[in-house]
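This report concerns only the one structure given below.
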């Protein structure tokens, strides 16, 4: 029997999430507000991390992103340790991470 004949949706490949994005999803799954998450991480309340998570998972909102993260195996229902510190976000720009330019030397 295939997944479609049993009424289940076929599993797709699991999208990649950074450790920070996984931590943010854990915090959202625990019911933490965006303000609380911002205080724990030092990120701006208006950061684009949740937007990136939504885009990566194909989610419409935070609740949908958490549900998809469980479905894809990014979150474990038994692992919601609230005292785990968030990973440090990478504050370098995408250009700086992907293209390392040589530094100029003075003569």
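Of the residues 60, 45, 52, the single one that is in a loop (DSSP other than H, G, I, E, B), modelled with pLDDT of 90 or more and surrounded by fewer than 16 Cβ atoms within 10 Å (Cβ to Cβ) is 60. Among all residues of region 72-91, there is at least one that is at pLDDT 90 or above and in a helix (DSSP H, G or I).
Is it true that residue 32 is in a loop (DSSP other than H, G, I, E, B), at pLDDT 70 or above and surrounded by fewer than 16 Cβ atoms within 10 Å (Cβ to Cβ)?
So residue 32 fails the test.
Being in contact with a helix residue (DSSP H, G or I) (Cβ under 7 Å, 6 or more places away or on another chain) and either within 12 Å of residue 24 (Cα to Cα) or free of Cβ contacts under 8 Å to residues at least 12 places away in the same chain (or both) holds for only one residue in 57, 68, and it is 68.
The values are calculated or read from the model by the stated rules, or taken from the named source; none is laboratory data. Values in this document were obtained by computation on a predicted structure and should not be read as measured data. With ideal geometry, Cβ positions are generated from the backbone for all residues, glycine too; neighbour counts draw on all protein chains shown.
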